[in-house]
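One structure is given below, encoded as structure tokens.
The values are calculated or read from the model by the stated rules, or taken from the named source; none is laboratory data. Here the structure is a predicted model, which is why all the values come from computation and not from measurement. We place every Cβ from the backbone using ideal geometry, glycine too, and count neighbours over all the protein chains shown.
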Amino acid sequence: MTAIFSVALVALAAQIPAGSARFVLFDGNPPGTPQREFLERMVRAIPHKVTLAGNNNLAEVMNELAEDLKKANGRFGSGSARDVPDVPACKSLASCGTRRILGFPAAKGRR
């Protein structure tokens, strides 16, 4: 699973301009294990802010995300899925209908 998450993180990070996104990766591997060390190397290689959350800082990270959500709700409206701004990484979702299933508004010119 560590390899799958790493590939997904690198692929997503490559689609977004450096420094313009923040990622939170929840990892249950104990510190010092080869899997955890691999993820830590991957996180350092990505040009975005990446928080590697584990059992020791889970509550802190979740509280930070909750505060960020409250701030975002004030900027984007009611906080419903329809208020989520259109981002480049989501554009491919429009072609398969996933945007509609997830509650995102249809891309311009689509239903």
Is it the case that segment 12-21 has a residue that's among the aliphatic types (A, V, I, L, M), at negative phi, touching an Asp or Glu at 6+ places or on another chain (Cβ under 6 Å) and at pLDDT 85 or above? no
Tell me which residues, restricted to segment 3-61, are assigned to a helix (DSSP H, G or I) and among the β-branched types (Val, Ile, Thr). ILE4, VAL7, VAL10, VAL43, VAL61
